[in-house]
Amino acid sequence: MKKVVFAALCACALCACATVGTETGSSLFSSTQQPLAVGPAKSVKMGKSCSSNILGLWIGGDMSIEAAKRDGGITYVATVDKDIKNYAVYSKVCIIVTGQ
């Protein structure tokens, strides 16, 4: 029984349940930053909102542009970027907003 449980845990760890697909593809370990949008405002302030995934068992967070604007006290958006960190069993996606 212990061997079956151990094999199941190994299979889960190796299947990369927490991987995030990007334009560059999915992988076990990655770190990318992608530009999403550019607006007319100047980049004076920065706000960030994130969402995390642990083994595909827990996914949480608010990675909306509105949450990032609130975080940075931004009214007028200059740029929106997406930052993706993926470490096989844990991934984090953040939206980064700059503006005034």
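Filtered by the rule that a residue be closer than 21 Å to SER31 by Cβ and among the aliphatic types (A, V, I, L, M), the range 44-73 gives MET46, ILE54, LEU55, ILE59, MET63, ALA68.
Filter the range 78-88 for residues that are part of a strand (DSSP E or B) and not acidic (Asp, Glu) and give the result. Once the filter is applied, which keeps residues that are part of a strand (DSSP E or B) and not acidic (Asp, Glu), the range 78-88 yields ALA78, THR79, VAL80, LYS82, ILE84, LYS85, ASN86, TYR87. Pairs meeting the criteria (first residue in the range 74-89 and closer than 13 Å to SER30 by Cβ, second residue in a loop (DSSP other than H, G, I, E, B) and at pLDDT below 90, beta carbons under 6 Å, at least 6 apart or on different chains) are ILE84/VAL20; ILE84/THR22; ASN86/THR19; ASN86/VAL20; ALA88/ALA16; ALA88/LEU28. Which one is surrounded by the fewest Cβ atoms within 10 Å (Cβ to Cβ) among residues in the range 56-72 that are without any contact (Cβ under 8 Å) to a residue 12 or more places away in the chain and among the hydrophobic types (A, V, I, L, M, F, W, C)? Filtering first and then ranking leaves TRP58.
Of the residues making up the range 73-92, just one is crowded, with 19+ Cβ neighbours inside 10 Å, among the small types (Gly, Ala, Ser) and under 21 Å from VAL38 (Cβ atoms), namely ALA78. When we screen THR22, THR75 for residues that are assigned to a loop (DSSP other than H, G, I, E, B) and at pLDDT 90 or above, the only hit is THR75.
Filtering the range 38-72 to residues that are closer than 19 Å to GLN100 by Cβ, touching a Lys or Arg at 6+ places or on another chain (Cβ under 6 Å) and outside any helix (DSSP H, G or I) leaves only GLY47.
The values are calculated or read from the model by the stated rules, or taken from the named source; none is laboratory data. These numbers come from a predicted model, not from an experiment. When we count neighbours, we look across all protein chains shown, and the Cβ atoms used for this are built from the backbone with ideal geometry, even at glycine.
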